[in-house]
Amino acid sequence: MLQLHRVEPSAEIWAERATYDDRLIFHTEPWLRFVAEAQRAEPVLARVTDGDRTVGHFTGLLAKRFGLRILGSPMAGWTTSYVGFTLGPEVSRRAALEALMPFAFQELGCAHLEIRDRGLTPADLGGLGLRWSDAPTAVIDLRPGEDALFGAMASACRRNIRKAAKSAVTIEEVVDDPTFADDFYEQLRDVFAKQNLVPTYSIERVRSLIRNIGPSGQLLLLRARDGEGRCIATAVLPWYHRTMYFWGGASYREHQHLRPNETLIWHAMRWAKARGVTEFDFVGGNSYKAKYGTVEVPVPWARRSRSPLVANLRDAAQQGFAMKQRAVARLTGARG
């Protein structure tokens, strides 16, 4: 029977966690520091053991909402895709998830748990008192050659990349530029304004991400510039081990006819491939991503509450956030 044992962060623990092949950037010290700072949360690291043998690790963060302790691995709104477990190849993810229940609700005293683990499937969740929704992601296998990757894109996507090149759109890799967050966020505001909304997070979230992940060398920041040198689009792309992630992208509507967005993604794919990265993860399954030649991967987002009241509070908070976003957009005059 598997068990979870909380451990304190240390150089030894971080080195041990980095030996697992299913490790993600979201399990690393810089990423947890970013989320802890942005969410005012406390990282939780735990060894997964089978008897006296360590067979994996769990990663999460403790936060308080409505005076209740919650364990997010991650929570919705944390701009973090998957967390959960890193496990040896012989270890059952369902068994690890089953061991998480007493750890979360008894040892940590939590009222609510959420987990989105890239390796979990709906078949792993039954009988554990969990509710879940399907939260698929779109991925690209970067192992084929560049010609094959380009050919796998929709013809309209390939035309847009060629058009950007003919229109003198260039891509700049950004290093140590404090104005990048401002460029990205202004463009993000324009993206949301198209839907009469405002961004779901503040510019401080972007600055915190760059401040915490940038020094690790595992963050690619890209600008697209038009023929006159103006910044017309941006992208934020963390990467680690075998995967690059599309954390965020934005562009000004008035320049979208130059097709900078497709060019940013194509540059990022080639950049990652050249560094041995074998997968590009769009972190979500929106239909527009299919034009890049993606494959959809199912990922369940599971949650369990100590009581129905807590579950209702969670759902009400999510609905309230959406209402607040629309209200703020009206008050600030966001225009579509």
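The values are calculated or read from the model by the stated rules, or taken from the named source; none is laboratory data. Small disclaimer: the values here were computed from a predicted structure and weren't measured. Neighbour counts run over all protein chains shown; Cβ positions are idealised from the backbone, glycine included. To get the accessible areas, we keep the full protein, side chains included, count just its heavy atoms, and leave off ligands, DNA and RNA. Shrake-Rupley method; radii C 1.70, N 1.55, O 1.52, S 1.80 Å.
Any residue at all in region 129-142 that's of a type in the set (Asp, Glu) and free of Cβ contacts under 8 Å to residues at least 60 places away in the same chain?
no
From the list LEU128, LEU108, LEU61, LEU68, which one is closer than 12 Å to ALA302 by Cβ and among the aliphatic types (A, V, I, L, M)?
Of the residues listed, the single one that is closer than 12 Å to ALA302 by Cβ and among the aliphatic types (A, V, I, L, M) is LEU128.
So which of VAL169, VAL206 ends up being under 14 Å from HIS267 (Cα atoms), touching a strand residue (DSSP E or B) at 6+ places or on another chain (Cβ under 9 Å), among the β-branched types (Val, Ile, Thr) and modelled with pLDDT of 95 or more?
From the options VAL169, VAL206, the qualifying one is VAL169.
Identify all residues within region 16-29 that are outside any loop (DSSP other than H, G, I, E, B), crowded, with 19+ Cβ neighbours inside 10 Å and not basic (Lys, Arg); write none if there are none.
Answer for region 16-29, where residues must be outside any loop (DSSP other than H, G, I, E, B), crowded, with 19+ Cβ neighbours inside 10 Å and not basic (Lys, Arg): ILE25, PHE26, HIS27.
Would you mind finding the one in ASP117, ASP134 that is of a type in the set (Asp, Glu) and within 15 Å of the chain's Cα centre (by Cα)?
ASP117
Please tell me if VAL44 is under 19 Å from LEU62 (Cβ atoms) and buried (at least 20 other Cβ atoms within 10 Å of the Cβ).
yes
Within region 3-15, is there a residue that is of a type in the set (Phe, Trp, Tyr) and not in a helix (DSSP H, G or I)?
Within region 3-15 (the criterion being of a type in the set (Phe, Trp, Tyr) and not in a helix (DSSP H, G or I)), the answer is no, since none of the residues qualifies.
Anything in region 287-327 that is of a type in the set (Gly, Ala, Ser) and at pLDDT 65 or above? List them, or say none.
Scanning region 287-327 gives SER287, ALA290, GLY293, ALA302, SER305, SER307, ALA311.
Against the condition open to solvent by less than 60 Å² (accessible area, probe 1.4 Å), in contact with a Phe, Trp or Tyr (Cβ under 6 Å, 6 or more places away or on another chain), under 28 Å from SER287 (Cβ atoms) and not in a strand (DSSP E or B), how does VAL191 come out, does it pass?
In short, no.
For region 242-287, give me each residue that is open to solvent by 60 Å² or more (accessible area, probe 1.4 Å), in a loop (DSSP other than H, G, I, E, B) and touching a residue at least 60 places away in the same chain (Cβ under 8 Å).
Within region 242-287, TYR252, ARG259, ASN286 qualify.
Would you please name the residue that is farthest from LEU128 (Cα to Cα), looking only at residues in region 59-102 that are assigned to a helix (DSSP H, G or I) and open to solvent by 50 Å² or more (accessible area, probe 1.4 Å)?
Selected residue: PRO102.
Looking only at residues in region 209-241 that are in a helix (DSSP H, G or I) and open to solvent by less than 20 Å² (accessible area, probe 1.4 Å), which one is farthest from LEU264 (Cα to Cα)?
The extreme case among them is ASN212.
One line per residue, one yes/no per condition, for (1) touching a strand residue (DSSP E or B) at 6+ places or on another chain (Cβ under 6 Å); (2) within 21 Å of CYS157 (Cα to Cα):
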position: ARG225; (1), (2): yes, yes
position: ARG230; (1), (2): no, no
position: THR243; (1), (2): yes, no
position: ASN261; (1), (2): yes, yes
position: VAL277; (1), (2): yes, no
position: SER287; (1), (2): no, yes
